[in-house]
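Asks: Here it is: the structure, laid out below.
The values are calculated or read from the model by the stated rules, or taken from the named source; none is laboratory data. The shown structure was predicted, so the numbers you read here are calculated from the model rather than taken from an experiment. Glycine also receives a Cβ, built like all others from the backbone with ideal geometry; neighbour counts cover every protein chain displayed. Areas reflect the complete protein model, heavy atoms only, side chains present, ligands, DNA and RNA absent. Shrake-Rupley method; radii C 1.70, N 1.55, O 1.52, S 1.80 Å.
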Amino acid sequence: MLKFLGKRVFQIVILLFIYVTIVFWLMEALPGSFLDKYLMNPKITPEIRENLKRQFGLDKPVFTRYLYYMKNFLVLDLGVSFSYFPKKVSSIIFERLPRTVFLFATSTLISYAFGYNLGKRSAWRRGKVVDQVTTFTGIIFWTIFLPLLAIFNIWLFGVILGILPLNQFIEPNLWRHVSFSAQDLFLKLLLNAFIFLIVFLIAMIISRGLKTIAAKRILLYTSSIVTIVISVSIWILSGKAIYAWDIIKHMVLPVFTLTLYSFAGSMLVMRDTMLDVIREDYITTAKAKGLPDKIVRDKHAARNALLPLVTNFVISLGFTISGGIITETMFSWPGLGRAYLEALSQQDSPLLIGLLVFTGVFVLFAHLVADILYAFLDPRIRY
Amino acid sequence: MSNELVLKIEGLRKLFPAERRIFSRTKYFVHAVDDISIEIKRRESLALVGESGCGKTTTGKVLVGLEEPTDGRITVEQEDVTPLLYENESSARRYIERNYVERFSKMDDQQLKTLDGVDGIYAERFLKLSKDGTKFISEFLENRRVRVWQLRRRVQMIFQDPYESLNPRMTIFDIVSEPLNIHEIGNLKEREDRVAEMLASVGLTPPETFMFRFPHELSGGQRQRVAIARALILNPSFVVADEPTSMLDVSIRTGVMKLMMRLADEHNMSYLYITHDLAVARYMSNNIAVMYLGKIVETGPTEEVLQNPLHPYTKALLAAVPIPDPEQKRGEPNIKGSVPKPINPPKRCRFFDRCPYAVEYCEKNDHPKLVEVLPNHKVACYVVSGETK
Amino acid sequence: MVDAVIKEPLWKIRLKLWMRSLRTGWELFRERKLAVFGLGVIIFFAVFGLVYPLYPTIMKNIFWKNDPFGYQTFAPYDPIIGFDPDIMSHPSAPSFRHPLGTDPLGRDILSMIMYSTPREFVLGITAALITVVIGTIIGASCAYYGGVIDTFFMRLADIVMLFPSLALLMVLSAFIDLTLFRLALIIGMLSGFGSITLVLKAQALTIKVRPFIEAAKSTGASDAYIIFRHIIPNILPLSFLYMMLNVTGAIFTEATLSFLGLANIRMSWGVIIQMAESSGYLMGASIGTYWWLWLPAGVCITLLCSAFYFLGRGLEEIVNPRLRKR
Amino acid sequence: MLLSVKDLKMHYKTKMGYVKAVDGINFDLDSGESLGIVGESGCGKTSISMTILRLLPDNAEFKAGSVFFDMGNGPIDLVKLDESQMRKYRWRGISMIFQAAMNSLNPVYKVGDQIIEAIQNHFPETPVDKAREKVAELFHLVGLDPSRMDQYPHQYSGGMKQRAVIAMALACDPKVIIADEPTTALDVIVQDRILKEIRKIQKKLNMAMIYISHDIAVIAEVSDRIAVMYAGKFAELADSVTIFKKPMHPYTYGLMHAFPSTVGEKTDLVTIPGEPPNLLNPPKGCRFAPRCPKADQTCINEEPQYIEIEKGHFVSCHHPVKPGEVVQFYEQ
C-alpha cells in the first residue's frame, strides 16, 4: 500500500510539474497584458508604468520569470495578483474556496445520495415504467443547459413564488451596520456543518454495533436532532441567527440547481453499473439462498455497484472550478469560478495561473483519494 | 519419406518475468517451458498433455511465433527456424552467434564434416564460407522477412475456443481467405475457389450457403470446422492444435476429431495436439508427451504410455480421468497438494512436493533427465529409472 | 471446382450483408423507446433547420404583402441584421408576425433559432467525429503496441484531462478567434486526446487478447493489418456510440462559451441567451416577463443535447451486449 | 418421494417466438439418491434447476407442470407457492452449486460471512458464534482450513472456491442439492478429488443430489440414475449401469459410443451426424429424428411417448434399440 502510494505521489508530482509548465506558458502566450489598459490613462505616465512593470516583475525575460514561478511554486507561493494588488493569489483563493467548496460539497453529497438510491431502484426494476420515467428525467436533467436551469429556478422560486432571494451571497441592506464580516460568519457556519457531519458519522459507526434496527434508528435520529437543536440555539443566543439565516437562504437556490443538475449523472452511473452487477452469478446465488429481494438488492448488488460511483464522486468534487463558472455567474456567487472569469477579463495572469494550478492540485489529490477509497471498498484491490 | 522429421525442438525454454521492475533486473521468472525436447515425424502426431498452466499452450505459441523462445533450437523440415521466431534481428543474430559460430569455430574441419542432421547442413555451409562468421550470419539471416512469412505458411495453429477465435465482424469467407489475403496468394476468383473447396472438405457443404454468414450464425462444431479450414488453407506441413475439441459437445466432438485425422492424411501433415484430456489424446496421436510444470515427465507411443504409465504424475492423471462406465473402478490418484506456480523453481525434481514415492535423492539432485526405460518410452524420474539406488 | 461459387459480385453481397445487419440493428433499436424518441427529436431539428429558407418567404407572403419595400429594407426575418419597424417597442412578445417574439434589436427569435440549427449540427458532429477518429486510432494503437506509445498517449491523456475543459477553452478564446470550425476542432481534439482514448483503449485491450488476433498474427499478418482489420472494426460500434455522446458535449460547450460571450460565433442558441443576459433582461422580475428571450433557445439546446444522448444510450444497449436484456 | 417433477414446461419468450427450453420433464427423486442429467449445451438442462427453484429471468414463462417437494410434512407443490413462501424452501429445502462457482461468491464479502448470511436468513435466532461454529464444521467437511473463513473469495484458488461453494450449499442442511456443472472449469485431478468429496458427503448426510453436466463420464462417476436430455426433453432415464450397458434411445447409444476412453480397447468412435435442433421451432415429431439412423415416417410425424419400458427405465422412442443391436450412424 505504502509502496503504491509512494509511486502514485511520484507520478502526481511529475504530472503536476508538466501541468504547471503548460499553464504558465499558455498564459504567457496570451496577447496583451494587464498593464495595457493603463496605456490610455493620462494620469499614469510611462515612468509609473515602468515602475509598475518592475513591481510586477514583468521587466524580466519570460524564462527567468518561469524559473522564478516554479521556484515559488515549490514552496506553495502562487505570487501576487495584479488586479487585487498587493493581495496574494493564495489568499484570494483561500478566501473564496470555502464558498465554492461548500456549494459543491453540499450539492454533490445530496445528489449522490439521491442518485445512488434512484439508480439502484431503477436498475432493479429495469424496463418497468418507474425505470423508464427516472431514466428519461435523469437524461433530461443531465443534458439540460445549465444556465437555462438556473434562470428557470430563479424565475420560479425567486420571482413567481418569491420565497428565495434571486442571487448574491448576502443581502447588502441587512449587513450594512454589522461589525463582523460575512466571511467570518460563513466560516462559522461551515464549522457547524462540519461538526454535525462528524457527530452523524460517529453515530453511524456506533450504530453498526447495535443489534436491532430500531435501536440504530433511535441513535441516529436523537444524535442528529440534538446536534441541530444545540447549534440552532447557540446561533440564536449569539444574536447572529438572522445573518446566518440570510446566508443560508442565499445558498438554497444555487445548491438546489446544482443538485438537480448533477444527481442525474450519478443516477445514470449507478444504474448502469448496477445493471452489470445484477447479471453476476453471485446475485443469482444470493437469490437462491432465499434472501429477500431488498437484501439482495442493497447488500449484494448495490454494494458492488458502489465502487465506480465513489470514484466518480471524488473526481467530480475535483472539478468544482470549471463547474462553478456557470453557476456562480448565474447566481452572482463570489466563489472561485467567478474569480476565474474576472481574472480572465482583467488579464490578471498570476491569478489565472494560480486558479488553474490550484484546480490541478485539487483534481490530482482527488484522484489519490479515490485510489485509496477504492482499496478500502474493494477487498480485491491490494496495492 | 515417411521417416522425415517435420518438427524438432531441442532444449526449448520460455521464461516470463514474474514481476516488472523498472530500474533493477527481474529476479523472478515463471518457468513456463523449461528445457523440453520434442520430435515429430511427418504424418505422425504428438499429443502434449498436462494440466492448465503446465506450459503446453506456451510451447504451441512459440512454434507459431506468438511468443519468443528464451532458449533452444526449433527445426522445421531440416531448417533451423529459431532466428525467424525472434521479433528483432539482433536477438536472432545473437542466437546464431551463440549456437553456431562459436561452436563451429572451436571445431576443426574434420569434426565439422562428421556432424550430421541439421548441424551437418549448417556446418557444410560454414565450411563453404571458409569459416567466416559474419558472412555465415548474414547468409543465415538473408531474406529474413520473407522467410518468416514462409514459416507462417508452413506452421499453423487451431485455437481452443471456437467462439473466440473467429472475428465476429468478418464473414466466413473473409475469415477463411484471410491467410491467402495476407500472403497475397491468387486473385479473388482463385481465392473463392480455394475457400469453397476448403469449406467443402471440412464438411461445410454446400460451401456457398456458409461463405457469407457470420460466425455467430454457426454452431460450435461448424465454427471449429471454419477454424480448421482457415488453418489448412495455406497447406501447412504442420499444425499446432490447442485443445480444438475441448469446448465442443460430445456428439459433435468425434466428428471434428475424425475430420482432423482425415485432413492430416489428405494433406500429409502432422499435428502437435495440445490437450488436457488423455482419452482424446489417445485417439488423436501416435506419440504422447506428458508435461508437468514446464517439463516433459514422460513420453512415448500413446498406447504404450496409457497402458503402462511409469511416472507417478502420469499415473495420477490417468487415475483421475473419469471413465464413462459406472462398472469400471479405477484407482485413486495418490498425489498430494495442487499445482504450484513455477516461479524460480528450486533445483530438485519438479514433482517432488507432490510425489508419493519421493526420496531424499530426488530433493538433492536437479530435475531428472528423460531416460529411455522401455523401447521408445522415456521417463524423467529417478525412482523409476532406478538411479536412486 | 467448375461452377462459380460466388454468383454475385462481392460488393453486392457485402452491401446485402450490411443492409441485413442494419435491419437487425434497427429491430433492436426500435424497442428502445427513449432512443427512438431521441432520433425523432434529431430528425425534427434537422427538418426544422432545413426548412429555414422557406420561413421568411412564407412570412413575407402573409404579413408583408402590402409592403414589399419595407420587407426589403428592414429584412425583418434576417437572423442577424433584421428589424421590424412596425412594432413599437422591442423586445416584443410572441405574435402571429413573430411566433417567438423579437429580441431587443428587433430581430425575429424564431428565425434566429432556425438559422442556428444547422450550425449546431455541424459543430456537434464535426467535433464528435474528430474526437472519435483520434480516440479510435490512438486507443487501438496504444492497446496493440503498449510500451512507449501507450505510456506517451496515456500520460498525454492524463494531462489533457487535468485541465478543466471549459476553463481552458475560455483561456484559449483570448488568443484564438473561436469560429465555429476552430471551436469544433479544439473541442474535438480536447476530448479525443482525453478520456475517450482511455475508454476505447480499454475496449481495444479486450479485443487484443481474443484468440482471433493471435490467429491472424500466427498467419503472418502485419501490425497495421491487425489494427485496421481486426481491432478497429470491433471497437467501431463503441466509437460510434461515443460519437453520439460527444455531440451532446460539444453542443453544450459551444452554448456555454457563446453564453459567456467568449466564442466568435455570430449566431447560435447560446448567443441568443447571451443577448438577453447582456442587455439585462435576465435580471430580477423581468425574467418572467421576457421569457421568449431565453426559454426557446434554452429548450432547443437541452432538447438537442438530450436527443443525442438518448440516441447514444439506445445504441449502447445494442452495441454493448452486457447491457442487453437476457 | 422427496422431489417429484411432473410434466414441467418452461419457455423463454424471445422476439422470434418461444424457446422451448424445458418441455415436459418428469422425474422423481428419493432421499439419499443421486440423479444425473446429461445433455449437450443449450438442451435446457440448466433451465430445469432454475425452474424448480423459480429463479427465472424476466423473459421466462412458466407453462405447465408441478414440482412436489416433501420437507417431511407431506408433498407441497412449489409451483403454487407465492414468492415469500418459496423463499423459505430455497437453500433450506433445495440448495444449489452453481455452474460458475468461481463467480457465485460475492467478491466484497468474506466467504465465512456469506455462509453465515444464508444460515441466519433461514434460522434468524442463530447467534453469530454458533453460526461460525457451523461454518467451521462445514469447512472441515469439504476439506478447507476453517481459518480461511475470514478471507475474501479472491484469496482462494479455483478448487478452494469450489469447495467453499459446496460448503455454502450445505449450510442449511438442505434435503436436495442441485449441482450444475460443479467441476467444469477445474483440472482433472482437482475435479476428481472434489467429485469424490461431494459423493462422500452425500452418502454421509444422506442427501439427495441432482447433478447436471455435459460430461457423461463425470455423471457416470457420481450418479445412481442418469437422465439423458435432448432438446428440452428427457430421451431416456434409467439407473446408470443400464444406461451404459443397455441404452435404448439411439441418442444415448450414440453418446455412449462417441466418448473416448483411456481404458479398454481403442474402439471406433461414433459420430452423430448433424446438430441439435433449434429450440425455437423443434422438429414436429421426435426431436432426434433428423439425426437418427433408425428414424422413419412415424418418428418424423409423431412425438414419441415417454414411457417406462422396463422397471425404472424410461425411454421416449418409437424404435428403441434392442440389446445387442448395433446402430450404424451414417457419416457426414
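Asks: To the nearest 100 Å², how much accessible surface do chains A and D hide from each other in total, with a 1.4 Å probe?
Replies: Between A and D, the summed buried area is about 2100 Å².
Asks: Viscosity 0.692 mPa s, temperature 37 °C: what is the translational diffusion coefficient of chain B from Stokes-Einstein with a Kirkwood Rh over Cα pairs, rounded to a whole number of µm²/s?
Replies: In µm²/s, the coefficient is 144.
Asks: May I pose another question? Do me a favour and compute the ellipsoid semi-axes for the range D:145-239 from its Cα gyration tensor, root of five times each eigenvalue, largest one first, whole Å.
Replies: 26, 16, 12
Asks: How would the range A:106-217 be classified by its alpha-carbon gyration tensor: rounded, prolate or oblate, with rounded meaning a/c under 1.5 and the a/b versus b/c comparison settling the rest? List each step's numbers first, then the result.
Replies: Values: a/c = 3.21, a/b = 1.17, b/c = 2.73.
Oblate, since a/c reaches 1.5 and b/c is not below a/b.
Asks: Each label point is 7 Å from the Cα along the Cα-to-Cβ direction; what then is the distance between the points at residue B:16 and residue C:223, in nm?
Replies: Between residue B:16 and residue C:223, the label points sit 2.2 nm apart.
Asks: Just need the Rg to Rh number for the protein assembly as shown, please, alpha carbons only, Kirkwood Rh.
Replies: Result: Rg/Rh = 1.01.
Asks: May I pose another question? So, for the range D:230-327, what is the accessible surface per residue at a probe of 1.4 Å, expressed in square angstrom?
Replies: 44
Asks: Please get the size of the charge dipole for the range A:251-383, origin at its Cα centre, with Cβ charges of +1 on Lys and Arg and -1 on Asp and Glu, quoted in debye to the nearest 20.
Replies: Values: 11 positive and 11 negative charges, 128 e Å.
It comes to approximately 620 debye.
Asks: Can you figure out the FRET efficiency of residue A:21 with residue C:182, using R₀ = 35 Å and their beta-carbon distance, to the nearest 0.05?
Replies: Efficiency, rounded to the nearest 0.05: 0.90.
Asks: Related question: Too long at a 24 Å Cα-Cα cut-off: which of D:80/D:161; D:233/D:284; A:289/D:233?
Replies: Table pairs above 24 Å Cα-Cα are D:80/D:161; A:289/D:233.
Asks: Another question about this same structure. So if we plug the beta-carbon distance of residue A:63 and residue B:189 into 1/(1 + (r/R0)^6) with R0 = 51 Å, what FRET efficiency do we get, rounded to 0.05? Walk me through the numbers on the way to the answer.
Replies: On the way: r = 67 Å, r/R0 = 1.32.
Computed FRET efficiency for residue A:63 and residue B:189 comes out at 0.15.
Asks: How large is the accessible surface of residue B:272 in square angstrom, using a 1.4 angstrom probe and rounding to the nearest 10?
Replies: Here the accessible area works out near 0 Å².
Asks: How long are the semi-axes of the equivalent ellipsoid of the range A:250-377, defined as square roots of 5 times the Cα gyration tensor eigenvalues? Whole Å, largest first.
Replies: 40, 17, 9
Asks: Follow-up. According to a simple spin-label model (label point 7 Å from Cα along Cα-to-Cβ), what is the distance in nm between residue D:100 and residue D:200?
Replies: Going from the residue D:200 label point to the residue D:100 one covers 3.1 nm.
Asks: To the nearest 100 Å², how much accessible surface do chains B and D hide from each other in total, with a 1.4 Å probe?
Replies: Summed over both sides, the interface buries about 3700 Å².
Asks: Output the Kirkwood hydrodynamic radius of the range D:90-210, Cα pairs only, in Å rounded to one decimal.
Replies: Value: 14.2 Å, from the Cα pair sum.
Asks: At a Cα cut-off below 17 Å, give the aspartates and glutamates reachable from residue D:196, other chains included and same-chain residues fewer than 8 away excluded.
Replies: Candidates past the 8-residue exclusion: B:325, B:327, B:332, D:33, D:180, D:181, D:187, D:215, D:221, D:224.
Asks: Need one number: % antiparallel among DSSP beta bridges in the protein assembly as shown, to the nearest 5.
Replies: Taking every DSSP beta bridge within the protein assembly as shown, about 65 percent pair in antiparallel fashion.
Asks: A further question follows. Solvent-accessible area per residue for the range C:1-149 at a 1.4 Å probe radius, Å²?
Replies: Solvent-accessible surface per residue comes out at 53 Å².
Asks: Also, I was wondering about something else. For all pairs of alpha-carbon atoms in the range B:139-266, what percent lies in each bin of width 5 Å, listed from the first bin to the last filled one?
Replies: 2, 11, 21, 23, 21, 11, 5, 3, 2, 0, 0
Asks: In whole Å, what is the distance between the alpha-carbon centres of the range B:76-124 and the range A:355-375?
Replies: Using only Cα atoms to place each centre, the spacing works out to 57 Å.
Asks: Hey, got the dipole for the range B:1-136? About the Cα centre, +1 on K and R Cβ, -1 on D and E Cβ, debye to the nearest 20? Kindly include the intermediate steps, with their values, before the conclusion.
Replies: Details: 23 positive and 24 negative charges, 78 e Å.
Using only the charged Cβ atoms, the result is roughly 380 debye.
Asks: Could you identify which residue out of C:249, C:38, C:288 has the top mean-square fluctuation in a GNM of chain C using Cα springs shorter than 10 Å?
Replies: C:288
Asks: Compute the accessible area of each residue in the range D:39-53 twice, once for its chain alone and once with every protein chain present, using a 1.4 Å probe on heavy atoms, and list those whose area falls by at least 40 Å².
Replies: Correct list: D:40.
Asks: Which helices count as membrane-span-like in chain C under these terms: full DSSP H, at least 18 Å along the axis by C-alpha, Kyte-Doolittle mean of 0.0 or more?
Replies: Qualifying helices: C:33-50, C:109-145, C:147-162, C:195-208, C:232-259, C:295-319.
Asks: Right, next: Cα extents of the range B:239-327 along the three principal axes, largest first, in whole Å?
Replies: 37, 31, 22
Asks: Unpartnered cysteines of chain B (Cβ-Cβ under 4.7 Å counts as a partner)?
Replies: B:54, B:355, B:381
Asks: Taking the Cα centre of the protein assembly as shown as origin, sum charge times position over the Cβ atoms of Lys and Arg (+1) and Asp and Glu (-1), and report the length of that vector in debye to the nearest 20.
Replies: Dipole about the Cα centre, nearest 20: 2360 debye.
Asks: Go through B:179, B:146, B:130 and say which Cα lies farthest out towards the positive end of the charge dipole of the range B:74-202; charges sit on Cβ, +1 for Lys and Arg, -1 for Asp and Glu.
Replies: Going by the charge dipole, the pick is B:130.
Asks: In the range C:236-269, whose amide N lies under 20 Å from the spot 7 Å out along Cα-to-Cβ of residue C:286? List them in ranges.
Replies: C:259-261, by backbone N distance to the label point.
Asks: Search the structure for amide H atoms under 5 Å from the amide H of residue B:300, placed 1.01 Å from N in the peptide plane, and list their residues when 5 or more places away or on another chain.
Replies: B:288, B:378
Asks: So, one more: If R0 is 60 Å, what FRET efficiency do you get for residue B:357 and residue D:130 from their C-beta distance, rounded to 0.05? Spell out each step's value before the answer.
Replies: Working: r = 45 Å, r/R0 = 0.75.
For R0 = 60 Å, the calculated efficiency reads 0.85.
Asks: Quick check on chain B: of the DSSP beta bridges with both residues there, what percent are antiparallel, nearest 5%?
Replies: 65
Asks: Listed here are the pairs C:33/D:45; D:45/D:175; A:287/C:208; B:61/D:266; which of them are more than 24 Å apart at the Cα?
Replies: Table pairs above 24 Å Cα-Cα are C:33/D:45; A:287/C:208; B:61/D:266.
Asks: Cross-link partners among aspartates and glutamates for residue D:20, C-alpha distance below 18 Å, same-chain residues fewer than 8 apart left out?
Replies: D:7, D:40, D:58, D:61, D:275, D:302, D:303
Asks: Reachable lysines from residue A:216, Cα under 19 Å, same-chain residues fewer than 8 places away excluded?
Replies: Result set, ordered by chain and number: A:294, A:299.
Asks: Using a Gaussian network model of chain A with C-alpha springs under 10 Å, which one of A:119, A:290, A:127 is most mobile by mean-square fluctuation?
Replies: Among A:119, A:290, A:127, the largest GNM mean-square fluctuation belongs to A:290.
Asks: Then there is this: With the solvent-accessible surface defined on protein heavy atoms using a 1.4 Å probe, which residues belonging to the range D:115-132 display a reduction of at least 50 Å² in accessible area in the multichain context relative to the isolated chain?
Replies: Residues meeting the cut-off: D:117, D:121.
Asks: While we're on this one: Note down the nm distance, to one decimal, between modelled labels 7 Å out along Cα→Cβ at residue C:17 and at residue D:241.
Replies: 5.6
Asks: Which value at 222 nm does chain C reach when only helices count, each DSSP H run of 4 or more adding -39,500 (n - 2.57), with the total divided by all residues and rounded to the nearest 500 deg cm²/dmol?
Replies: -23000 deg cm²/dmol
Asks: Then there is this: For chain B, what does the accessible surface come to per residue with a 1.4 Å probe? Please give it in Å².
Replies: For chain B, the per-residue accessible area is 42 Å².
Asks: Would you mind classifying chain D by shape? Square roots of the alpha carbon gyration tensor eigenvalues, ordered a ≥ b ≥ c; an a/c under 1.5 is rounded, otherwise it is prolate if a/b is larger than b/c and oblate if not. Display every interim value, and only then the final one.
Replies: Details: a/c = 2.05, a/b = 1.57, b/c = 1.30.
Prolate.
Asks: Among the lysines in the range B:106-207, how many pairs, 8 or more places apart or on different chains, have alpha carbons under 29 Å apart?
Replies: Values: B:106/B:128; B:106/B:131; B:106/B:135; B:113/B:128; B:113/B:131; B:113/B:135.
Lysine pairs satisfying the spacing and distance rule in the range B:106-207 number 6.
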